[in-house]
1. Mind checking which pairs have a first residue in region 142-155 that is closer than 15 Å to residue 168 by Cα and within 14 Å of the ligand (Cβ to nearest atom) and a second that is of a type in the set (Val, Ile, Thr) and part of a loop (DSSP other than H, G, I, E, B), Cβ under 9 Å, 6 or more apart or different chains?
2. Please work out if residue 335 is out of contact with any helix residue (DSSP H, G or I) (no Cβ under 7 Å at 6 or more places or on another chain) and at negative phi.
3. Would you confirm whether or not region 94-114 contains a residue that is farther than 23 Å from residue 291 by Cα, at pLDDT 95 or above, aromatic (Phe, Trp, Tyr) and in a helix (DSSP H, G or I)?
4. Can you name the number of the only condition in (1) farther than 19 Å from residue 121 by Cα; (2) assigned to a loop (DSSP other than H, G, I, E, B); (3) within 21 Å of the chain's Cα centre (by Cα) that residue 68 fails?
5. Answer yes if at least one residue in region 274-284 is farther than 22 Å from residue 152 by Cβ and more than 16 Å from the ligand (Cβ to nearest atom), and no otherwise.
6. With the condition kept exactly as written, say whether any residue in region 209-221 is aliphatic (A, V, I, L, M), within 16 Å of the ligand (Cβ to nearest atom) and surrounded by 24 or more Cβ atoms within 10 Å (Cβ to Cβ).
7. Run residue 52 past the list (1) part of a loop (DSSP other than H, G, I, E, B); (2) farther than 30 Å from residue 349 by Cα; (3) among the charged types (D, E, K, R) and report the number of the one that doesn't hold.
8. Considering every residue within region 123-139, establish whether at least one is surrounded by 24 or more Cβ atoms within 10 Å (Cβ to Cβ), within 16 Å of the ligand (Cβ to nearest atom) and within 24 Å of residue 336 (Cα to Cα).
Amino acid sequence: MADAGAEGASSSTVGQIDVFWHEGMLKHDTGNGVFDTGMDPGFLEVLEKHPENSDRVKNLVSILKRGPISPYISWHLGTPAKIPELFSFHTPEYINELVEVDKEGGKQLCGGTFLNPGSWDAALLAAGTTLSAMKHLLNGDGKVSYALVRPPGHHAQPSLADGYCFLNNAGLAVQLALDSGCKKVAVIDIDVHYGNGTAEGFYRSNKVLTISLHMNHGSWGPSHPQSGSVDELGEGEGYGFNLNIPLPNGTGDKGYVHAFNELVVPSIQKFGPDMIVLVLGQDSNAFDPNGRQCLTMEGYREIGRIVHLLAKRHSAGRLLIVQEGGYHVTYSAYCLHATLEGILNLPMPLLADPIAFYLDDETFSVQVIEAIKNYQKDKVC
Ligand SMILES: [Zn+2]
């Protein structure tokens, strides 16, 4: 299904993926309650963990250590970011506020977003680990790096926490790439939610093309004023360099691949980046409690393949993958495995899908994608 150009089956495999990780990120404890509220209504016998819990990430780590993909993985220890490194994306006032909240024992910063004891250290580790993964590429030590991090980051704006995110890990890495000599960086965000924080950080820049494919969730309050709709195209020099692809709820593998072939691939082709960042959330899968999209392992595998081709064509194979959401504790790990299989361009799937047996109807998503394409042609070209 990946017809992202003529190379297709002749593309070589990547060989290895360098994974950056530190178990200190497990110490961010988001608590229990009704979904992500932290509230106990008093009438439930069993309170679930907050969706963004350490279990999900433990499985992401273990499937790469013990799953069939393990021979292709090389492990690297992440390190915490230093405070001044954060100022390349975030305002000093915002960072100082987070430091103070941590000193005072933590609090809820916005809906579902808890900075608890241990959270700040984990956030610094997530940011620093992502920077290490990017440095690895910039130093020429590898081609594909994966920052396996939490807390996630793509909703964190320069001066605002949002959606379980404190520090914008991907945004910090993008800025590091620019500061290290990269001319143009493309960000492809497939988390089911709009990557509003990253978009906001580079909204006025023509050096960063931010593309986000997400469900059509709109704004969700003061911490997330952006709508994620097609008309958020960037401002000033950055006009035309933020492409939102809000896909209809229920979009599955075929719809996503169509969106990649019709919208993502041509945009990247036109932009010509020398670094590509894949912002990866497994919450676009069909079984995620936080999402309403229907990707399966096969869809993630195809997306991985297309992104591999784009990196090969434009950025000398250099690709940074940054972990974001993904809240089904089992299936997220399987979808990560499939994505990396695609990025490695392996000829055959290594792992069968245990739960993908629902029908996929792309009719409506194809119509919407055509409409987005026409809109962008009118506004940007
Ligand atoms: Zn998400």
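1. Every condition considered, the pairs that remain are 151/30.
2. Answer is no for this residue.
3. yes
4. With respect to (1) farther than 19 Å from residue 121 by Cα; (2) assigned to a loop (DSSP other than H, G, I, E, B); (3) within 21 Å of the chain's Cα centre (by Cα), residue 68 is out only on (3).
5. yes
6. yes
7. Unmet for residue 52, out of (1) part of a loop (DSSP other than H, G, I, E, B); (2) farther than 30 Å from residue 349 by Cα; (3) among the charged types (D, E, K, R): (2).
8. yes
The values are calculated or read from the model by the stated rules, or taken from the named source; none is laboratory data. Bear in mind that the values here come from a model prediction, so they are computed numbers and not experimental data. Cβ atoms come from the backbone with ideal geometry, glycine included; neighbour counts cover every protein chain shown.
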